[in-house]
Amino acid sequence: MASKDYYEVLGVDRDADARTIKRAFLKKARQLHPDVNDAPDAEQKFKEVNEAYSVLSDERKRQNYDRYGNPDGPGGIGGDYVDMSDIFSGMGMDDLFSSFFGHGAASASAASTRGRDMGVTLKVSLAEAAAGCSKTIAYDRLAPCDDCGGTGVAEGGSVVECPTCHGTGRVVTMRNTILGRMQAETVCSACGGTGKKVDKPCETCDGQGRTPARETVEVEVPAGVHSGQQIRIKGKGEAGVRGDRGGDLVVRIEVAEDERFQRQGDDLYTLQTIDSLQAMLGCTLACEGILEGETVEFQVPEGCQPGERIRVEGHGMPRQGSSARGSLYVVIEVRTPDDLTPNQKARIAEILAERTAEGEESTGTAEEAAEEAAEEPVGRHGKRRAPRPRKKGPRK
(Lines give C-alpha, C1' and ligand atoms only; values in the text may rest on other atoms or scores of the structure.)
Protein backbone atom coordinates (compact mmCIF):
# COMPACT_ATOMS: atom_id res chain seq x y z
CA MET A 1 0.00 0.00 0.00
CA ALA A 2 1.20 3.52 -0.81
CA SER A 3 2.21 5.42 2.33
CA LYS A 4 1.22 8.85 0.92
CA ASP A 5 -1.90 10.34 -0.62
CA TYR A 6 -0.57 11.36 -4.02
CA TYR A 7 -3.56 13.62 -4.70
CA GLU A 8 -2.87 15.48 -1.46
CA VAL A 9 0.85 15.79 -2.31
CA LEU A 10 0.00 17.55 -5.60
CA GLY A 11 -2.96 19.43 -4.11
CA VAL A 12 -5.55 18.20 -6.63
CA ASP A 13 -8.94 16.49 -6.39
CA ARG A 14 -9.24 12.77 -7.03
CA ASP A 15 -11.23 13.43 -10.21
CA ALA A 16 -8.67 15.91 -11.62
CA ASP A 17 -7.92 15.52 -15.32
CA ALA A 18 -4.43 14.96 -16.78
CA ARG A 19 -3.84 18.63 -17.62
CA THR A 20 -4.76 19.77 -14.09
CA ILE A 21 -2.41 17.19 -12.59
CA LYS A 22 0.42 18.29 -14.86
CA ARG A 23 -0.08 21.98 -14.04
CA ALA A 24 -0.10 21.26 -10.31
CA PHE A 25 3.07 19.21 -10.63
CA LEU A 26 4.93 21.87 -12.62
CA LYS A 27 3.92 24.58 -10.17
CA LYS A 28 5.15 22.66 -7.14
CA ALA A 29 8.24 21.30 -8.87
CA ARG A 30 9.34 24.82 -9.84
CA GLN A 31 9.09 25.90 -6.22
CA LEU A 32 10.84 22.85 -4.75
CA HIS A 33 13.55 21.91 -7.23
CA PRO A 34 17.04 22.15 -5.60
CA ASP A 35 18.25 24.38 -8.44
CA VAL A 36 15.90 27.16 -7.28
CA ASN A 37 15.19 26.29 -3.64
CA ASP A 38 17.90 26.22 -0.96
CA ALA A 39 15.68 24.88 1.83
CA PRO A 40 17.11 21.77 3.56
CA ASP A 41 14.00 19.72 2.81
CA ALA A 42 13.46 20.99 -0.73
CA GLU A 43 15.08 18.00 -2.39
CA GLN A 44 13.03 15.48 -0.39
CA LYS A 45 9.79 17.35 -1.10
CA PHE A 46 10.66 17.52 -4.80
CA LYS A 47 11.12 13.75 -4.84
CA GLU A 48 7.71 13.29 -3.21
CA VAL A 49 6.07 15.55 -5.80
CA ASN A 50 7.87 13.72 -8.61
CA GLU A 51 6.76 10.34 -7.22
CA ALA A 52 3.15 11.50 -7.02
CA TYR A 53 3.23 12.83 -10.57
CA SER A 54 4.87 9.67 -11.95
CA VAL A 55 1.86 7.71 -10.66
CA LEU A 56 -1.04 10.08 -11.35
CA SER A 57 0.20 11.01 -14.84
CA ASP A 58 0.36 7.35 -15.86
CA GLU A 59 -3.12 6.07 -16.71
CA ARG A 60 -2.39 2.44 -15.84
CA LYS A 61 -0.62 3.26 -12.56
CA ARG A 62 -3.31 5.73 -11.56
CA GLN A 63 -6.05 3.14 -12.08
CA ASN A 64 -4.14 0.64 -9.90
CA TYR A 65 -3.53 3.29 -7.24
CA ASP A 66 -7.20 4.32 -7.12
CA ARG A 67 -8.38 0.72 -6.97
CA TYR A 68 -5.74 -1.03 -4.85
CA GLY A 69 -3.77 1.79 -3.24
CA ASN A 70 -0.69 0.45 -5.05
CA PRO A 71 0.50 1.81 -8.45
CA ASP A 72 1.66 -1.66 -9.51
CA GLY A 73 -1.59 -3.36 -8.59
CA PRO A 74 -1.93 -6.55 -6.53
CA GLY A 75 0.43 -8.62 -8.68
CA GLY A 76 2.66 -5.99 -10.26
CA ILE A 77 2.17 -4.49 -13.72
CA GLY A 78 4.68 -6.56 -15.72
CA GLY A 79 3.63 -7.98 -19.08
CA ASP A 80 3.89 -5.51 -21.93
CA TYR A 81 4.49 -2.49 -19.65
CA VAL A 82 7.98 -1.15 -18.88
CA ASP A 83 8.58 1.82 -16.54
CA MET A 84 11.82 3.56 -17.46
CA SER A 85 11.80 6.06 -14.58
CA ASP A 86 14.47 4.14 -12.64
CA ILE A 87 16.47 2.55 -15.47
CA PHE A 88 16.31 5.28 -18.12
CA SER A 89 19.70 5.65 -19.78
CA GLY A 90 19.14 9.27 -20.69
CA MET A 91 17.64 11.93 -18.43
CA GLY A 92 15.43 11.52 -15.37
CA MET A 93 12.87 14.05 -14.15
CA ASP A 94 15.41 15.81 -11.92
CA ASP A 95 17.78 16.25 -14.89
CA LEU A 96 14.92 17.43 -17.08
CA PHE A 97 14.13 20.23 -14.64
CA SER A 98 17.78 21.23 -14.45
CA SER A 99 17.79 21.46 -18.23
CA PHE A 100 14.46 23.29 -18.17
CA PHE A 101 15.69 25.92 -15.71
CA GLY A 102 19.02 26.32 -17.47
CA HIS A 103 17.63 26.67 -20.97
CA GLY A 104 14.75 29.10 -20.68
CA ALA A 105 13.61 31.43 -23.40
CA ALA A 106 16.11 34.06 -22.30
CA SER A 107 19.15 31.80 -22.27
CA ALA A 108 18.55 29.14 -24.91
CA SER A 109 21.25 29.26 -27.56
CA ALA A 110 20.36 28.95 -31.21
CA ALA A 111 22.12 25.60 -31.39
CA SER A 112 20.03 24.12 -28.57
CA THR A 113 16.56 25.07 -29.80
CA ARG A 114 16.23 21.73 -31.56
CA GLY A 115 15.27 18.81 -29.38
CA ARG A 116 17.87 16.14 -28.72
CA ASP A 117 17.52 12.42 -29.31
CA MET A 118 16.91 10.30 -26.25
CA GLY A 119 18.12 6.74 -25.81
CA VAL A 120 16.71 3.86 -23.80
CA THR A 121 17.52 0.14 -23.53
CA LEU A 122 14.55 -2.22 -23.68
CA LYS A 123 15.10 -5.77 -22.43
CA VAL A 124 12.98 -8.56 -23.93
CA SER A 125 12.99 -12.32 -23.45
CA LEU A 126 14.22 -14.70 -26.14
CA ALA A 127 10.64 -15.92 -26.65
CA GLU A 128 9.46 -12.31 -27.14
CA ALA A 129 12.30 -11.76 -29.61
CA ALA A 130 11.24 -14.88 -31.52
CA ALA A 131 7.54 -14.05 -31.74
CA GLY A 132 7.81 -10.25 -31.81
CA CYS A 133 5.97 -8.17 -29.24
CA SER A 134 4.53 -4.78 -28.39
CA LYS A 135 5.79 -2.94 -25.31
CA THR A 136 4.44 0.17 -23.60
CA ILE A 137 7.30 2.33 -22.34
CA ALA A 138 6.71 4.99 -19.68
CA TYR A 139 9.44 7.63 -19.57
CA ASP A 140 10.17 11.29 -18.76
CA ARG A 141 10.98 13.89 -21.41
CA LEU A 142 10.69 17.56 -22.29
CA ALA A 143 7.38 17.48 -24.17
CA PRO A 144 5.46 20.21 -26.05
CA CYS A 145 3.59 22.46 -23.63
CA ASP A 146 -0.12 21.65 -23.51
CA ASP A 147 -1.21 25.20 -22.65
CA CYS A 148 0.46 27.04 -25.54
CA GLY A 149 0.64 24.19 -28.03
CA GLY A 150 4.44 24.28 -28.02
CA THR A 151 4.73 27.88 -29.23
CA GLY A 152 5.80 29.36 -25.90
CA VAL A 153 3.39 32.27 -26.49
CA ALA A 154 0.49 33.07 -24.14
CA GLU A 155 -2.89 34.18 -25.42
CA GLY A 156 -2.59 37.66 -26.93
CA GLY A 157 1.19 37.45 -27.22
CA SER A 158 3.52 37.08 -30.20
CA VAL A 159 7.09 36.37 -31.19
CA VAL A 160 8.91 39.60 -32.03
CA GLU A 161 12.38 40.64 -33.10
CA CYS A 162 14.77 40.95 -30.22
CA PRO A 163 15.30 44.67 -29.58
CA THR A 164 18.76 44.09 -28.10
CA CYS A 165 20.41 42.41 -31.10
CA HIS A 166 17.85 43.50 -33.71
CA GLY A 167 17.24 39.93 -34.79
CA THR A 168 20.87 38.94 -35.37
CA GLY A 169 21.26 36.86 -32.21
CA ARG A 170 24.72 38.42 -31.66
CA VAL A 171 25.89 41.54 -29.86
CA VAL A 172 29.15 43.44 -30.12
CA THR A 173 30.82 44.64 -26.95
CA MET A 174 33.97 46.69 -26.29
CA ARG A 175 36.50 45.70 -23.64
CA ASN A 176 39.54 47.47 -22.28
CA THR A 177 42.65 45.25 -22.36
CA ILE A 178 46.38 45.80 -21.98
CA LEU A 179 46.49 46.04 -25.74
CA GLY A 180 43.81 48.72 -25.81
CA ARG A 181 40.10 48.60 -26.52
CA MET A 182 39.07 45.32 -28.11
CA GLN A 183 35.84 44.47 -29.89
CA ALA A 184 34.16 41.13 -29.09
CA GLU A 185 31.07 39.49 -30.51
CA THR A 186 28.99 37.30 -28.19
CA VAL A 187 25.62 35.56 -28.11
CA CYS A 188 22.80 37.90 -27.24
CA SER A 189 21.79 37.17 -23.64
CA ALA A 190 18.36 38.73 -24.10
CA CYS A 191 17.19 36.20 -26.69
CA GLY A 192 19.73 33.43 -26.25
CA GLY A 193 21.02 33.87 -29.80
CA THR A 194 17.67 33.18 -31.48
CA GLY A 195 17.08 36.80 -32.55
CA LYS A 196 13.48 36.42 -31.34
CA LYS A 197 11.66 37.16 -28.12
CA VAL A 198 8.19 36.40 -26.81
CA ASP A 199 6.51 39.57 -25.66
CA LYS A 200 3.98 37.60 -23.59
CA PRO A 201 5.43 34.19 -22.68
CA CYS A 202 3.31 31.23 -21.58
CA GLU A 203 3.31 31.02 -17.79
CA THR A 204 3.35 27.22 -17.80
CA CYS A 205 6.53 26.79 -19.84
CA ASP A 206 8.14 30.24 -19.35
CA GLY A 207 8.07 30.77 -23.10
CA GLN A 208 10.04 27.62 -23.98
CA GLY A 209 7.12 25.81 -25.54
CA ARG A 210 8.06 22.61 -23.69
CA THR A 211 7.78 21.26 -20.16
CA PRO A 212 9.03 18.21 -18.22
CA ALA A 213 6.41 15.47 -18.57
CA ARG A 214 5.77 11.78 -18.04
CA GLU A 215 4.70 10.06 -21.26
CA THR A 216 4.09 6.59 -22.69
CA VAL A 217 4.88 5.25 -26.14
CA GLU A 218 4.21 1.94 -27.90
CA VAL A 219 7.28 0.09 -29.19
CA GLU A 220 6.78 -2.62 -31.81
CA VAL A 221 9.58 -5.21 -31.49
CA PRO A 222 9.91 -7.26 -34.71
CA ALA A 223 10.16 -11.05 -34.70
CA GLY A 224 13.76 -12.27 -34.92
CA VAL A 225 15.28 -9.10 -33.44
CA HIS A 226 18.90 -9.32 -32.24
CA SER A 227 20.56 -7.68 -29.25
CA GLY A 228 21.98 -4.28 -30.14
CA GLN A 229 19.41 -3.46 -32.82
CA GLN A 230 17.76 -0.07 -32.54
CA ILE A 231 14.20 1.08 -33.10
CA ARG A 232 13.84 4.81 -33.80
CA ILE A 233 10.55 6.51 -32.92
CA LYS A 234 10.32 9.87 -34.66
CA GLY A 235 9.54 12.95 -32.60
CA LYS A 236 9.36 11.16 -29.26
CA GLY A 237 12.67 12.44 -27.92
CA GLU A 238 13.21 15.90 -26.46
CA ALA A 239 10.82 18.54 -27.84
CA GLY A 240 12.37 21.59 -29.50
CA VAL A 241 12.19 25.11 -28.10
CA ARG A 242 9.09 27.02 -29.27
CA GLY A 243 8.08 24.49 -31.88
CA ASP A 244 11.51 23.76 -33.31
CA ARG A 245 12.15 20.23 -34.52
CA GLY A 246 12.05 17.59 -31.80
CA GLY A 247 14.45 14.70 -31.32
CA ASP A 248 13.76 10.97 -31.66
CA LEU A 249 13.47 8.24 -29.07
CA VAL A 250 16.07 5.56 -29.88
CA VAL A 251 15.20 2.20 -28.33
CA ARG A 252 18.09 -0.25 -28.13
CA ILE A 253 16.98 -3.87 -27.84
CA GLU A 254 18.67 -6.26 -25.42
CA VAL A 255 17.61 -9.92 -25.68
CA ALA A 256 17.90 -11.69 -22.33
CA GLU A 257 19.53 -15.10 -21.97
CA ASP A 258 17.18 -18.06 -21.91
CA GLU A 259 17.26 -21.07 -19.59
CA ARG A 260 16.38 -23.59 -22.31
CA PHE A 261 17.93 -22.21 -25.48
CA GLN A 262 21.25 -20.71 -26.48
CA ARG A 263 21.20 -18.49 -29.55
CA GLN A 264 23.87 -18.33 -32.23
CA GLY A 265 22.74 -16.07 -35.06
CA ASP A 266 19.37 -17.43 -36.13
CA ASP A 267 20.12 -20.94 -34.83
CA LEU A 268 19.12 -22.26 -31.42
CA TYR A 269 20.80 -24.92 -29.28
CA THR A 270 19.07 -26.89 -26.56
CA LEU A 271 20.20 -29.73 -24.30
CA GLN A 272 18.20 -32.98 -24.24
CA THR A 273 18.96 -35.72 -21.71
CA ILE A 274 18.23 -39.33 -22.69
CA ASP A 275 19.13 -42.57 -20.98
CA SER A 276 21.82 -44.88 -22.29
CA LEU A 277 19.30 -47.48 -23.52
CA GLN A 278 17.62 -44.86 -25.74
CA ALA A 279 21.06 -43.84 -27.03
CA MET A 280 21.88 -47.50 -27.86
CA LEU A 281 18.69 -48.31 -29.75
CA GLY A 282 17.68 -44.86 -31.06
CA CYS A 283 14.25 -43.31 -30.57
CA THR A 284 11.89 -40.52 -31.56
CA LEU A 285 11.53 -37.72 -29.00
CA ALA A 286 9.91 -34.28 -28.77
CA CYS A 287 10.74 -31.02 -27.01
CA GLU A 288 9.16 -27.59 -26.66
CA GLY A 289 10.07 -25.06 -29.33
CA ILE A 290 10.85 -21.38 -28.86
CA LEU A 291 7.39 -20.26 -30.03
CA GLU A 292 4.36 -20.61 -27.78
CA GLY A 293 2.66 -23.98 -28.16
CA GLU A 294 5.33 -25.28 -30.55
CA THR A 295 6.40 -28.95 -30.26
CA VAL A 296 9.48 -30.16 -32.12
CA GLU A 297 10.01 -33.86 -32.90
CA PHE A 298 13.49 -35.22 -33.59
CA GLN A 299 15.04 -38.60 -34.29
CA VAL A 300 17.82 -39.92 -32.03
CA PRO A 301 19.99 -42.23 -34.17
CA GLU A 302 20.95 -45.74 -33.06
CA GLY A 303 24.26 -45.70 -31.17
CA CYS A 304 23.99 -41.98 -30.38
CA GLN A 305 27.01 -40.64 -28.48
CA PRO A 306 27.12 -37.99 -25.72
CA GLY A 307 27.43 -34.48 -27.17
CA GLU A 308 26.04 -35.46 -30.57
CA ARG A 309 24.07 -32.70 -32.27
CA ILE A 310 20.79 -33.40 -34.01
CA ARG A 311 19.73 -30.71 -36.45
CA VAL A 312 16.05 -29.86 -36.93
CA GLU A 313 15.63 -27.38 -39.77
CA GLY A 314 13.08 -24.58 -39.62
CA HIS A 315 12.65 -24.52 -35.85
CA GLY A 316 15.23 -21.89 -34.84
CA MET A 317 14.74 -18.10 -34.62
CA PRO A 318 12.69 -16.36 -37.33
CA ARG A 319 14.72 -14.33 -39.80
CA GLN A 320 13.60 -10.69 -39.88
CA GLY A 321 11.55 -9.78 -42.90
CA SER A 322 11.26 -13.40 -43.99
CA SER A 323 9.11 -16.44 -43.34
CA ALA A 324 12.27 -18.57 -43.03
CA ARG A 325 13.72 -19.67 -39.71
CA GLY A 326 17.09 -20.91 -38.53
CA SER A 327 17.73 -24.44 -37.29
CA LEU A 328 17.29 -26.00 -33.89
CA TYR A 329 20.23 -28.11 -32.71
CA VAL A 330 19.42 -30.67 -30.03
CA VAL A 331 22.59 -31.54 -28.09
CA ILE A 332 22.35 -35.01 -26.56
CA GLU A 333 23.36 -35.72 -22.99
CA VAL A 334 23.40 -39.44 -22.09
CA ARG A 335 22.41 -40.51 -18.58
CA THR A 336 22.70 -43.96 -17.05
CA PRO A 337 19.24 -45.04 -15.83
CA ASP A 338 19.00 -45.63 -12.08
CA ASP A 339 15.40 -46.83 -11.93
CA LEU A 340 15.69 -50.27 -13.58
CA THR A 341 13.66 -53.12 -12.09
CA PRO A 342 15.42 -56.31 -10.90
CA ASN A 343 14.03 -58.16 -13.92
CA GLN A 344 15.40 -55.51 -16.31
CA LYS A 345 18.79 -55.61 -14.62
CA ALA A 346 18.90 -59.41 -14.93
CA ARG A 347 18.16 -59.25 -18.67
CA ILE A 348 20.86 -56.62 -19.19
CA ALA A 349 23.28 -58.79 -17.17
CA GLU A 350 22.60 -61.70 -19.56
CA ILE A 351 23.37 -59.49 -22.55
CA LEU A 352 26.55 -58.26 -20.87
CA ALA A 353 27.65 -61.85 -20.16
CA GLU A 354 27.12 -62.77 -23.80
CA ARG A 355 29.17 -59.78 -24.97
CA THR A 356 31.93 -60.63 -22.48
CA ALA A 357 32.12 -64.22 -23.75
CA GLU A 358 32.28 -63.03 -27.34
CA GLY A 359 35.05 -60.64 -26.42
CA GLU A 360 37.14 -63.35 -24.76
CA GLU A 361 36.79 -65.61 -27.79
CA SER A 362 37.83 -62.79 -30.10
CA THR A 363 40.85 -62.04 -27.90
CA GLY A 364 42.02 -65.70 -28.06
CA THR A 365 41.98 -65.78 -31.85
CA ALA A 366 44.10 -62.63 -31.98
CA GLU A 367 46.75 -64.16 -29.68
CA GLU A 368 47.02 -67.23 -31.89
CA ALA A 369 47.49 -65.05 -34.95
CA ALA A 370 50.30 -63.19 -33.20
CA GLU A 371 52.08 -66.45 -32.35
CA GLU A 372 51.86 -67.60 -35.95
CA ALA A 373 53.33 -64.33 -37.14
CA ALA A 374 56.30 -64.77 -34.78
CA GLU A 375 57.13 -68.13 -36.35
CA GLU A 376 57.30 -66.79 -39.92
CA PRO A 377 60.83 -66.42 -41.48
CA VAL A 378 62.53 -63.06 -41.80
CA GLY A 379 63.01 -61.57 -45.30
CA ARG A 380 66.20 -60.32 -46.97
CA HIS A 381 65.88 -56.84 -45.47
CA GLY A 382 65.28 -58.03 -41.93
CA LYS A 383 61.51 -57.54 -42.18
CA ARG A 384 59.21 -60.32 -41.13
CA ARG A 385 57.09 -61.56 -43.99
CA ALA A 386 53.35 -61.39 -43.74
CA PRO A 387 51.84 -64.80 -43.01
CA ARG A 388 50.60 -66.60 -46.09
CA PRO A 389 46.97 -67.65 -46.08
CA ARG A 390 46.65 -71.40 -45.54
CA LYS A 391 45.29 -73.50 -48.35
CA LYS A 392 42.31 -75.62 -47.64
CA GLY A 393 42.63 -79.39 -47.71
CA PRO A 394 45.12 -81.90 -46.24
CA ARG A 395 48.84 -81.23 -46.31
CA LYS A 396 50.99 -83.32 -48.67
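Brief remarks on what is shown
- Residue match in the stretch 357-371 (condition: of a type in the set (A, V, I, L, M, F, W, C), surrounded by 10 or more Cβ atoms within 10 Å (Cβ to Cβ) and modelled with pLDDT of 60 or more): yes
Yes/no matrix, rows are residues, columns are (1) closer than 12 Å to LEU10 by Cβ; (2) modelled with pLDDT under 90; (3) among the polar types (S, T, N, Q):
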residue	(1), (2), (3)
LYS22	yes, no, no
LEU26	yes, no, no
ARG30	no, yes, no
HIS33	no, yes, no
ASN37	no, yes, yes
GLU43	no, yes, no
ASN50	yes, yes, yes
LYS61	no, no, no
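- Restricting the search to strands (runs of 3 or more DSSP E) fully inside the stretch 251-291 and requiring at least 3 residues that are in the same structural domain as ARG309 (by TED's automatic domain parsing) and in contact with a helix residue (DSSP H, G or I) (Cβ under 6 Å, 6 or more places away or on another chain) gives an empty result.
- Residue list for the stretch 220-230, filter: in contact with a strand residue (DSSP E or B) (Cβ under 6 Å, 6 or more places away or on another chain) and either free of Cβ contacts under 8 Å to residues at least 60 places away in the same chain or within 24 Å of ASN50 (Cβ to Cβ) (or both): SER227, GLN229, GLN230
- When LYS197 is tested against (1) buried (at least 18 other Cβ atoms within 10 Å of the Cβ); (2) out of contact with any strand residue (DSSP E or B) (no Cβ under 8 Å at 6 or more places or on another chain); (3) modelled with pLDDT under 90, exactly one condition is not met: (2).
- Members of the stretch 201-225 found to be surrounded by 15 or more Cβ atoms within 10 Å (Cβ to Cβ), under 30 Å from ALA24 (Cα atoms) and not hydrophobic (A, V, I, L, M, F, W, C), listed by number: PRO201, THR204, ASP206, GLY207, GLN208, GLY209, ARG210, THR211, PRO212, ARG214, THR216
- Candidate set from the stretch 183-194 (those that are surrounded by 11 or more Cβ atoms within 10 Å (Cβ to Cβ) and aliphatic (A, V, I, L, M)); member that is nearest to ARG114 (Cα to Cα): VAL187
- Odd one out for GLU218, checked against (1) more than 29 Å from ARG116 (Cα to Cα); (2) in a strand (DSSP E or B): (1)
- Within the stretch 253-304, tally of residues that are among the β-branched types (Val, Ile, Thr), surrounded by 14 or more Cβ atoms within 10 Å (Cβ to Cβ) and either within 29 Å of THR136 (Cα to Cα) or within 35 Å of the chain's Cα centre (by Cα) (or both): 6
- Any hit, the stretch 159-176, residues being on the phi > 0 side of the Ramachandran plot, loosely packed, with under 10 Cβ neighbours inside 10 Å and either at pLDDT below 80 or part of a loop (DSSP other than H, G, I, E, B) (or both): no
- Applying the criterion of at least 2 residues that are surrounded by fewer than 17 Cβ atoms within 10 Å (Cβ to Cβ) and not acidic (Asp, Glu) to the helices (runs of 4 or more DSSP H) found wholly in the stretch 1-80 leaves 18-32, 42-56, 59-68.
- Out of ILE253, ILE233, sole residue that is closer than 30 Å to ALA130 by Cα and touching a residue at least 24 places away in the same chain (Cβ under 8 Å): ILE253
- Residues (charged (D, E, K, R) and out of contact with any strand residue (DSSP E or B) (no Cβ under 9 Å at 6 or more places or on another chain)) located in the stretch 259-275: GLU259
- If you go through the stretch 142-157 and pick out every residue that is in contact with an Asp or Glu (Cβ under 6 Å, 6 or more places away or on another chain) and in a loop (DSSP other than H, G, I, E, B), you end up with 1.
- Flag for GLY193 being assigned to a loop (DSSP other than H, G, I, E, B) and touching a residue at least 60 places away in the same chain (Cβ under 8 Å): yes
- The residues of the stretch 292-314 that are in contact with a helix residue (DSSP H, G or I) (Cβ under 8 Å, 6 or more places away or on another chain) and assigned to a strand (DSSP E or B) amount to a single one, VAL300.
The values are calculated or read from the model by the stated rules, or taken from the named source; none is laboratory data. Source: prediction; values computed, not measured. Methodologically, a virtual Cβ is constructed for each residue, glycine included, from the backbone with ideal geometry; neighbour enumeration extends over all protein chains shown.
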